[in-house]
Structures are given as C-alpha cells and as structure tokens.
1. Out of all the residues in the range 247-265, which are outside any loop (DSSP other than H, G, I, E, B) and within 15 Å of residue 311 (Cβ to Cβ)?
2. May I ask you to list the residues in the range 111-128 that are under 19 Å from the mean Cα position of the chain (by Cα) and not hydroxyl-bearing (Ser, Thr, Tyr)?
3. Which of the residues that make up the range 99-114 are under 15 Å from residue 21 (Cβ atoms) and open to solvent by less than 30 Å² (accessible area, probe 1.4 Å)?
4. If you take the residues in the range 223-236 that are touching a Leu at 6+ places or on another chain (Cβ under 9 Å) and open to solvent by 10 Å² or more (accessible area, probe 1.4 Å), which one is farthest from residue 256 (Cα to Cα)?
5. Mind telling me which of the residues 78, 72, 55 ends up being under 20 Å from residue 137 (Cα atoms) and either touching a residue at least 12 places away in the same chain (Cβ under 8 Å) or open to solvent by less than 20 Å² (accessible area, probe 1.4 Å) (or both)?
6. Could you say whether any residue in the range 346-363 is within 20 Å of residue 226 (Cβ to Cβ) and surrounded by fewer than 15 Cβ atoms within 10 Å (Cβ to Cβ)?
7. Hey, any hits in the range 108-117 for a residue that's in contact with a strand residue (DSSP E or B) (Cβ under 9 Å, 6 or more places away or on another chain) and either closer than 27 Å to residue 329 by Cβ or among the hydroxyl-bearing types (Ser, Thr, Tyr) (or both)?
Amino acid sequence: MSDNMAQLTDRSGRRYASDQPRWRGDDKSPLMMEPLPGITREQIDTGVNSQWRYRAALPLPQADPVTLGEGRTPLLPRTFAGLHVAVKPESMNPTGSFKDRGSSVMITALRHQGIGQILEDSSGNGGSSIAAYSAAAGIDAQIIAPASTSPTKIAQVRLHGAGVDLVPGSRQDVADEAIRRADTRFYASHNWHPHFLQGIKLIAYEIWEDLGFTAPSAVLVPAGAGSLVLGCAMGFAELRRAGEIDQVPRILVSQPEHCCPLVNALTGGDIAVEARTWPKTLAEGTAIAQPVRDREVLAAIRDSGGAATAVAEEELLPAVRELARTGVFVEPTSAQVLPALRQFHADGHINPDDTVVLVLTGSGLKAGQALSDFVNDVSP
C-alpha cells in the first residue's frame with residue numbers, strides 16, 4: 001500500500017494536504033489530487049477480492065478500509081448493432097451502483113480523519129451508497145435529495161439509518177441547498193470530495209486487469225457530474241505513467257437530451273457549461289445542470305480524443321428493455337449508453353475493430369416504478 005500522501009490543488013493553484021478534512025479550496029473551487037504515479041500489475045494484492053486489491057494506487061494512510069466488497073464487477077461480452085462490445089454491470093456493487101467505489105474510499109478517509117457526522121446531496125444512488133458506507137463506518141449521515149427521487153432509493157437510504165430531507169425543485173436546487181447547510185456538518189459530497197474520485201478511478205484498473213492488462217480503445221459512460229469520466233481519465237493516465245499501457249482510451253460520454261450541458265459545451269467549444277434550466281428526464285442520475293467539475297470533465301474528454309452525444313428521452317426505456325433481453329437489468333440512466341453506442345458508431349467515433357467497454361452504472365431495481373409502468377404500457 002502507498003503512504004504517498006499526495007497534495008490537493010484548487011483551480012487557483014493553491015495546494016492543500018490530502019489528509020485534512022476539506023471538501024473544496026479556499027477559492028471555493030473543487031479540489032483535485034495531484035497526478036499520482038500509478039501501479040504495476042505486480043503491485044495488485046491478488047488475495048483481496050474487491051477493488052481494494054489496487055490499494056497501492058490510493059493516496060491513503062495506513063487505515064482499515066470501510067468496505068462492503070465493492071468492485072470486481074464482470075465484463076460481459078455483448079453484440080449490439082453488429083458491434084462486439086463488453087458491458088460492465090456496476091449494478092453488482094453492494095448498493096446497486098458504481099457510486100460504491102467512491103463511497104468506500106471517501107468514507108475510509110473521513111473515518112480516519114475523525115469525522116463523525118456528514119452531509120450529502122444526491123438524486124438517489126450516491127445517497128444510498130454513502131448511507132450504507134456511513135452505517136458500516138459508524139458515521140451519522142444526513143442525505144438531502146430531490147422530492148421527485150425514486151421511492152426505492154429513498155427507502156434504501158432510510159433503512160441504512162441515514163436521515164433524509166426531501167427538497168422541492170431540481171437536482172441543482174438540492175445541490176445548492178446542501179452547500180448552504182455545509183457549515184452545520186461536514187459536507188461529504190460525492191460530487192465535491194476528491195477522495196471519492198480516487199475510488200472511482202479504480203474502475204480503470206479493474207478494466208485493465210480484466211482485459212489481460214491492456215486498455216480498451218474506448219470507454220462509454222453516462223455522465224451527470226462526470227465522476228466516471230474523471231475516474232477513467234485518472235486511472236488510465238496512472239497506468240500509462242506506470243508503463244502498463246501505451247495509450248489511454250477515448251472517453252465517450254452519453255447524456256439525456258433533457259439534460260445535456262456537457263454535450264452542449266463540447267459541441268460549442270466551451271471550457272465550462274452554460275447555466276440553464278432543463279426539463280425532467282427519466283435518466284435522473286445524469287440530471288445535473290451545473291456539474292461542479294465541468295471544466296475538468298470537459299478537458300478530460302477532449303484530452304482523451306473522446307466525444308459526447310445526447311440521447312432522446314423516448315430511447316431510454318426501449319434501451320432498458322433491449323439490455324434486459326440480454327440478461328442485464330439496468331435503470332434508464334445506465335441504459336442510455338446503448339443508443340449512444342449506435343450514435344457514436346454512425347458518427348465514426350467507434351469502428352468494429354475497437355475494444356469498447358460500456359459502463360452500466362446502476363441497477364434497474366433503482367427505477368422500479370418507472371419500469372413497472374413501462375412494462376404495463378407495452379406488449380411483450
């Protein structure tokens with residue numbers, strides 16, 4: 001395990017110790033860990049059957065991990081539109097989404113720092129994940145969520161023992177309210193806290209190992225706040241620095257048409273997203289109008305040679321059904337990568353010779369009511 005306590009930087013260039021409980025810079029910008037050297041295949045702890053097998057890649061002190069066995073989700077071969085791809089069902093994580101990767105590392109760091117009470121805002125998956133890991137760590141968690149959040153996700157949060165405060169308005173309204181309350185207890189935001197990204201980056205190590213210690217040509221992910229974008233960019237960059245891969249994969253991003261600020265910014269050549277109001281989308285996990293790390297996410301996509309595309313709302317539920325007919329049950333937020341795959345292929349961003357990994361971020365059980373209504377409205 002690494003004891004290399006790398007420093008954090010904000011957008012103004014100020015540096016901070018990474019072992020201090022801090023969620024943003026003095027300039028109120030998000031913090032990023034300074035680039036780390038990465039690890040080689042010899043440094044994988046193969047006796048650990050979770051993402052903590054890559055612990056040597058984490059800038060953490062000697063501390064017991066808060067783990068529920070997250071990671072080690074499979075790569076499943078599938079064929080869609082004549083393209084042979086691999087899908088990675090992150091629904092197999094303990095609380096049913098990829099967020100468990102970041103929660104495990106962030107909560108481990110916060111427990112070590114002596115934080116006993118935290119505040120989090122979420123549209124569902126992040127909240128249920130942080131509630132679960134807080135319960136495992138003995139930390140008191142308060143989750144703020146949109147009033148429109150799936151009842152299943154809210155029930156999961158409550159059952160883990162976290163307090164829940166449902167706030168009217170959009171996902172952005174909830175994020176703004178959380179920052180207003182951040183003086184009352186430590187704000188352990190999965191969108192803000194840099195250690196959360198350290199957990200997400202381990203998905204890159206996992207893909208690399210499962211592909212026989214090679215990198216794919218492209219990774220296709222849904223994006224709201226963009227933690228998967230940054231996690232993939234960070235993880236694969238570390239593997240390149242460690243000499244394990246020659247080139248980082250292209251990062252391809254899907255967003256719903258009803259909330260696609262990153263797509264619009266990329267198309268317009270902008271370095272940040274434009275503040276505006278968006279209509280409601282079934283892909284609630286990606287309904288983030290103003291991503292905190294928009295500048296960093298956009299730069300990561302561009303630096304990888306990647307691209308982004310918007311998926312029509314009417315394509316979301318059919319995509320859930322198409323994936324389910326291959327045995328993989330995901331929520332609409334995840335399913336959007338399937339129509340996006342077709343669009344990227346049509347636009348020339350993907351060709352049949354590419355090795356492409358589609359990350360499916362959350363379980364279909366997270367969207368039980370919407371999917372029940374869909375099944376009842378259509379014939380088999």
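The values are calculated or read from the model by the stated rules, or taken from the named source; none is laboratory data. The shown structure was predicted, so the numbers you read here are calculated from the model rather than taken from an experiment. Cβ placement follows ideal geometry from the backbone for every residue including glycine, while neighbour counts extend to all protein chains displayed. Heads up: the accessible areas ignore ligands, DNA and RNA and are worked out on the full protein's heavy atoms, side chains in. Shrake-Rupley method; radii C 1.70, N 1.55, O 1.52, S 1.80 Å.
1. Within the range 247-265, 252, 253, 254, 255, 256, 261, 262, 263, 264 meet the criteria.
2. 119, 120, 121, 124, 125, 126, 127 - these are the residues of the range 111-128 that are under 19 Å from the mean Cα position of the chain (by Cα) and not hydroxyl-bearing (Ser, Thr, Tyr).
3. Passing the criteria: 105, 106, 107, 108, 109, 110.
4. Taking the candidates together, the pick is 234.
5. 55
6. Pass one, the range 346-363, residues within 20 Å of residue 226 (Cβ to Cβ): 349, 356-362.
Next, only the ones that are surrounded by fewer than 15 Cβ atoms within 10 Å (Cβ to Cβ) stay: none.
Checking the range 346-363: not a single residue is within 20 Å of residue 226 (Cβ to Cβ) and surrounded by fewer than 15 Cβ atoms within 10 Å (Cβ to Cβ).
7. no
Yes/no matrix, rows are residues, columns are (1) of a type in the set (Asp, Glu); (2) over 14 Å from residue 126 (Cα atoms); (3) modelled with pLDDT under 95:
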residue: 139; (1), (2), (3): no, yes, no
residue: 155; (1), (2), (3): no, no, yes
residue: 169; (1), (2), (3): no, yes, yes
residue: 188; (1), (2), (3): no, no, no
residue: 203; (1), (2), (3): no, yes, no
residue: 248; (1), (2), (3): no, yes, no
